[in-house]
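The values are calculated or read from the model by the stated rules, or taken from the named source; none is laboratory data. Note that the structure is a prediction, hence the values are computed from the model and not measured. Glycine gets a Cβ as well: all are built from the backbone with ideal geometry, and neighbour counts include every protein chain shown. Surface accessibility is based on the protein's heavy atoms, side chains included, excluding ligands, DNA and RNA. Shrake-Rupley method; radii C 1.70, N 1.55, O 1.52, S 1.80 Å.
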Amino acid sequence: MKYKIENLIDKESVEKRIKELAREIERDYAGEEIYCVGLLKGSVIFLSDLVKELNLPVIIDFMSVSSYGSETVSSGDVKILKDTDLDLRGKNVLIVEDIIDTGLTLEYVIKYFKEGKGVKNLRTCTLLNKPDRRKVDVKVDYIGFNVPDKFVIGYGLDYDQKYRNLPYIAVVIPE
Ligand code: PRP
Ligand code: MN
Ligand code: MG
């Protein structure tokens, strides 16, 4: 497919918004220990930047669940590729995502963390949110930006595994 890339949210705006989210999170957790669990691979860039801004005792863990493969649309078929390493029972857990699209990935992980892992206090944080595409009603506590229903890349988000390293958010436009 021939395509072009158009900027959507510049680097400075993303960085500024991450700082604002960090302040909100600090306020809500008020000095408590927080387990930030990133969903691989999309969340890694956002999670890295977010935790550096958090003036709280932070513990990092990762989980890998995939539903997209190389497709550009969600299959809704969620698989655990790698579970968390740490015991999250009774902990404050913040799930960190790059984007919430249909909500199917997050819905699955929330259910698994609450019912399977006994997480005490579970919240969710995403850099991007695409409300137009939602299929299930999931609670997202911290949202960086709402984005239109376009194929977004950068800051962890990929197009066929590429462009995760872009330091800004862009849109893929077929030509
Ligand atoms: C993408 C994205 C979210 C999920 C959102 O991950 O990073 O995790 O899809 O979609 P949903 O709300 O419709 O479930 P993907 O499966 O592409 O894996 P990746 O993070 O490794 O890119
Ligand atoms: Mn992902
Ligand atoms: Mg992906």
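Ignoring everything except DSSP H segments at least 4 long, calculate the 222 nm mean residue ellipticity for the chain; use -39,500 (n - 2.57) per segment, divide by total residues, nearest 500. Let's see the in-between values first.
Details: 3 runs with 37 residues, N = 175.
Computed mean residue ellipticity for the chain: -6500 deg cm²/dmol.
Using only the Cα atoms of region 21-146, build the gyration tensor, take square roots of its eigenvalues as a ≥ b ≥ c, and label the shape rounded, prolate or oblate: rounded if a/c is under 1.5, else prolate if a/b is larger than b/c, else oblate. Don't jump to the answer; show the numbers that get you there.
Working: a/c = 1.69, a/b = 1.34, b/c = 1.26.
Taking the square roots of the gyration eigenvalues as a ≥ b ≥ c, region 21-146 is prolate.
Whole-Hz Karplus ³J(HN,Hα) for region 78-85, in order, using 6.51 cos²θ - 1.76 cosθ + 1.60 and θ = phi - 60°, x for Gly and Pro?
Once rounded to whole Hz, the list reads 8, 10, 8, 9, 8, 8, 5, 8.
Sorting GLU97, GLU33, GLU15 by accessible area (1.4 Å probe), largest first, what list results? Don't skip to the answer; put the middle values down first.
Details: GLU97 15, GLU33 85, GLU15 65 Å².
Largest accessible area first, the residues go GLU33, GLU15, GLU97.
Leaving out ligands, DNA and RNA but keeping every protein chain, what accessible area does GLU175 have, in Å² rounded to the nearest 10, with a 1.4 Å probe?
130 Å²
To make sure I understand the rule: partners must be lysines, Cα under 22 Å from the Cα of LYS111, and not fewer than 8 residues away in the same chain. Which ones qualify?
By straight Cα distance, LYS111 reaches LYS41, LYS79, LYS82, LYS91, LYS120, LYS130, LYS135, LYS139.
Cross-link partners among aspartates and glutamates for LYS117, C-alpha distance below 15 Å, same-chain residues fewer than 8 apart left out?
The qualifying aspartates and glutamates are ASP61, ASP83, ASP85, ASP87, GLU107.
Rounding to the nearest 20 debye, state how big the charge dipole of the chain is about its Cα centre with +1 on each Lys and Arg Cβ and -1 on each Asp and Glu Cβ. Don't skip to the end; give the middle numbers.
On the way: 27 positive and 30 negative charges, 30 e Å.
So the dipole magnitude of the chain works out to roughly 140 debye.
Ordering MET63, MET1 by accessible area with a probe of 1.4 Å, largest first, what comes out? Present the calculation step by step, with values, prior to reporting the outcome.
Working: MET63 0, MET1 140 Å².
Most to least solvent-accessible, the answer reads MET1, MET63.
So what is the relative contact order for the chain, in percent, with contacts set as C-alpha pairs under 8 Å and at least six apart? Can you show the working numbers first?
Working: 358 pairs, mean separation 47.3, N = 175.
Relative contact order of the chain: 27 percent.
Among VAL37, VAL140, what's the order by accessible area (1.4 angstrom probe), most exposed first? Don't skip to the answer; put the middle values down first.
Working: VAL37 0, VAL140 30 Å².
Largest to smallest exposure gives the sequence VAL140, VAL37.
From the phi of every residue in region 148-163, what ³J(HN,Hα) in whole Hz does the Karplus formula 6.51 cos²θ - 1.76 cosθ + 1.60 yield, where θ is phi - 60° and glycine or proline is x?
x, 6, 10, 7, 9, 9, x, 6, x, 7, 10, 10, 6, 6, 9, 6
Tally Lys and Arg at +1 and Asp and Glu at -1 over the other residues with C-beta under 14 Å from the C-beta of THR84: what net charge comes out? Each step should come with its number before you reach the end.
On the way: positive: LYS82, ARG89, LYS91, LYS114, LYS117; negative: ASP61, ASP83, ASP85, ASP87.
Neighbour charge sum, excluding THR84 itself: +1.
From a point 7 Å beyond the Cα of PHE151 in the direction of its Cβ, which residues of region 1-27 have a backbone N at a distance under 12 Å?
Within reach of a label on PHE151: 1-6.
Give me the percent of the accessible area of region 11-147 that comes from carbon and sulfur atoms, probe 1.4 Å, all protein chains in place. Before the final figure, lay out the partial values.
Details: 3080 of 6600 Å².
Result for region 11-147: 47 percent of the exposed heavy-atom area is carbon or sulfur.
What aspartates and glutamates sit close enough to LYS52 to cross-link, taking a C-alpha to C-alpha distance under 14 Å and skipping anything fewer than 8 places away on the same chain?
Leaving aside aspartates and glutamates fewer than 8 places away in the same chain, those within reach of LYS52 are GLU15, GLU20, GLU26.
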